[in-house]
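Reviewing the structure listed below.
The values are calculated or read from the model by the stated rules, or taken from the named source; none is laboratory data. Everything quoted here is computed from the prediction, not taken from an experiment. Note: ideal-geometry Cβ built from the backbone for every residue, glycine included; neighbour counts use all protein chains shown. Ligands, DNA and RNA are stripped out before the accessible areas are found, and what is left, the full protein with its side chains, is counted by its heavy atoms. Shrake-Rupley method; radii C 1.70, N 1.55, O 1.52, S 1.80 Å.
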Amino acid sequence: MGELAYEALRRKLEVGNRMRYKVRNFFSPSNLLAFRIKMANRVNNINLLLDEICKEANNMGLRPAEQLKSDLVLPSERRPTIPFVYESRCVGRAGDVVVVRDMLLGSKDDLAVIAIVGMAGLGKTTLAQLVYNDKMVVDYFGDNKMWICVSDDFKVERLLNEMVQSLFREKVEMSNIEGIVRKLGEKLKGKKYLLVLDDV
């Protein structure tokens with residue numbers, strides 16, 4: 001693309017000088033036909049190289065992105081996450097759990113926020129699940145733990161209702177946000193609590 005832009009600019013500057021040169025050499029850099037042939041050869045070489053890369057990818061068992069689209073889960077199709085995890089299937093997370101747990105339990109702030117961020121598939125939810133179920137965390141927060149899957153459906157009323165359900169262990173559907181906040185306040189006032197907002 002850079003070479004094409006350069007050529008377009010060069011030709012624009014050359015327009016004023018065209019009248020000076022009546023005879024042109026076919027192979028001169030100003031010959032448009034020669035430039036087009038040169039670019040066509042380059043594009044052809046790039047296409048051959050891409051074909052070769054595609055053959056090598058097929059030999060390694062890689063698939064084109066279009067075939068992978070069916071394997072992807074769209075945001076609207078995501079299943080809500082839950083706080084439970086098979087610890088026996090998790091390998092190599094013990095150090096991370098200790099770091100996050102120590103940040104969580106050692107915080108002197110009234111409202112500590114710990115963000116676990118990264119690309120999809122890195123294990124952010126798994127790490128949060130392991131911390132949520134860690135014995136020291138469970139002992140510290142007791143029943144004042146809430147796991148909420150936020151996802152794309154970000155409605156404050158729904159999230160508050162889920163917080164109440166998580167705390168009281170019963171199905172609650174309240175439409176009055178003030179009432180929900182009051183109920184949460186009665187349960188949590190003056191207490192330490194853990195709120196995990198997953199899939200934000």
Can you work out the FRET efficiency for the pair Lys189 and Lys135, with r the C-beta to C-beta distance and R0 = 30 Å, to the nearest 0.05? 0.70
If you take the Cα atoms of segment 93-135, find Rg, then find the Kirkwood Rh from the mean of 1/r over all pairs, what is Rg/Rh? 0.97
Quick calc: nm separation of the 7 Å Cα→Cβ label points for Lys124 and Asp152 -> 1.6
Tell me the trypsin sites (Lys or Arg not before Pro) within segment 99-158 that lie in a loop according to DSSP and have at most 11 other beta-carbon atoms within 10 Å. Lys108, Lys155
Output for segment 139-198: chymotrypsin sites (Phe, Trp or Tyr not before Pro) sitting in coil per DSSP, at most 13 other Cβ within 10 Å, listed by number, reads Phe154
Computed lengthening from Arg36 to Asp102, 0.36 nm per intervening residue step minus Cα-Cα distance: 17.3 nm
Using only the Cα atoms of segment 91-187, each taken as one equal point scatterer with no solvent, compute I(q) by the Debye sum, divide by I(0), and report log10 of the ratio at q = 0.25 Å⁻¹. -1.34
Test of understanding: what is the full-extension gain from Arg10 to Asn59, defined as 0.36 nm times their sequence separation minus their Cα-Cα distance? 13.2 nm
Can you tell me the length gained on complete extension of the stretch Ala94 to Asp51, counting 0.36 nm per residue apart and subtracting the Cα distance? 11.0 nm
Report in % the part of the accessible area of segment 86-200 that belongs to carbon and sulfur, leaving out ligands and nucleic acids; probe 1.4 Å. 55
Skip the ligands, DNA and RNA, and give the accessible area per residue of segment 130-170 with a 1.4 Å probe, whole Å². 50
Nonlocal amide H pairs with Asp198, under 5 Å, H built at 1.01 Å: Ile148, Cys149, Val150
Nitroxide proxy distance, nm - points 7 Å out along Cα→Cβ at Arg169 and Ala112: 2.6
Per DSSP, loop GluC sites (Glu not before Pro) in segment 102-185 with at most 16 further Cβ within 10 Å: Glu170, Glu173
